[in-house]
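Please read the structure below before turning to the comments.
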Amino acid sequence: NLLLPDGVPPERQWARFYIKIYRAEGLPRMNTSIMANVKKALIGENKDLVDPYVQVAFAGQKGKTSIQKSSYEPLWNEQIIFTEMFPPLCKRIKIQIRDSDKVNDVAIGTHFIDLRKISNEGDKGKIE
């Protein structure tokens, strides 16, 4: 296959990638912006607490946890599973904590995990 990078075998097997989301702590107060004041005036909503969830993106796929209502220290203990060819062509996982909102969800924080830094050595675990 001409689209595969050098070093990636043309015949790859399917693998499952498990991402376990445990908890978050120290989330910031939200809805202190101009938009929050507009929402308060229009629909009477006045909340400073966040309704967080985690969205994970990997190899063109997305998954998310449940929404924890009004929490600065949410506890999920949830697992997101992706099925993708191994070794994957995507080299990192994007993890984003978001605040669920009636109008527009807002990103609170984003982190990328480099798969090359967490993979095992050897034929069955090395990601080049």
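For the stretch 49-128, list the strands (runs of 3 or more DSSP E) that sit wholly inside it and hold at least 3 residues that are open to solvent by 60 Å² or more (accessible area, probe 1.4 Å); which are they?
Once the strands (runs of 3 or more DSSP E) in the stretch 49-128 are filtered for at least 3 residues that are open to solvent by 60 Å² or more (accessible area, probe 1.4 Å), what remains is 75-86, 106-114.
For residues in the stretch 58-116 being among the β-branched types (Val, Ile, Thr) and free of Cβ contacts under 8 Å to residues at least 40 places away in the same chain, which is nearest to residue 7 (Cα to Cα)?
Checking each candidate, the answer is 113.
The values are calculated or read from the model by the stated rules, or taken from the named source; none is laboratory data. From a predicted model like this one, the values you see are computed outputs, not experimental measurements. All Cβ positions, glycine included, derive from the backbone under ideal geometry; neighbour counts span all protein chains shown. SASA here: full protein model, heavy atoms, side chains in, ligands and nucleic acids out. Shrake-Rupley method; radii C 1.70, N 1.55, O 1.52, S 1.80 Å.
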